[in-house]
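So the structure is just underneath, and the comments pick up after that.
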Amino acid sequence: KLWREKRMCIETDSEITTLVHKDQLAHNRYYVSSIIDIVAFLAINHLPFRGDTDAWDSAGQTGSGSFLLFEFTLEKDPNLAKIIPAIQRNATCTSHE
């Protein structure tokens, strides 16, 4: 009986792992599409991807428009804001020099 149940779940794509996988894929697609929207906005308006500084704490300073745009997007989109805890705070996008 359990084997038939398992087989039916596999055939109908209703296994727990499949459902969790689909949910994670949907979240990842949403995050990536939101980031693509931000990148497209920067590119269309000929804005730099980074300013004078890469720190979150310096978002109010001149030259950090990309960070301000991203923070504004996070304020307006609670679903996208859920990803913030996963971002490393010590990550930088600068070279070793």
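For segment 39-71, the set of residues classified as in a helix (DSSP H, G or I) and at pLDDT below 80 consists of TRP56, ASP57, SER58, GLY65, SER66, PHE67, LEU68, LEU69, PHE70, GLU71, listed by residue number. Here CYS93 clears all of (1) at pLDDT 70 or above; (2) touching an Asp or Glu at 6+ places or on another chain (Cβ under 6 Å) except the condition numbered (1).
Among the residues making up segment 5-32, a single one is of a type outside the set (A, V, I, L, M, F, W, C), loosely packed, with under 11 Cβ neighbours inside 10 Å and at pLDDT 80 or above: ARG29.
The values are calculated or read from the model by the stated rules, or taken from the named source; none is laboratory data. Since this is a predicted model, take the numbers as computed values, not measurements. In this analysis, Cβ positions are derived from the backbone assuming ideal geometry, glycine residues included, and neighbour counts consider all displayed protein chains.
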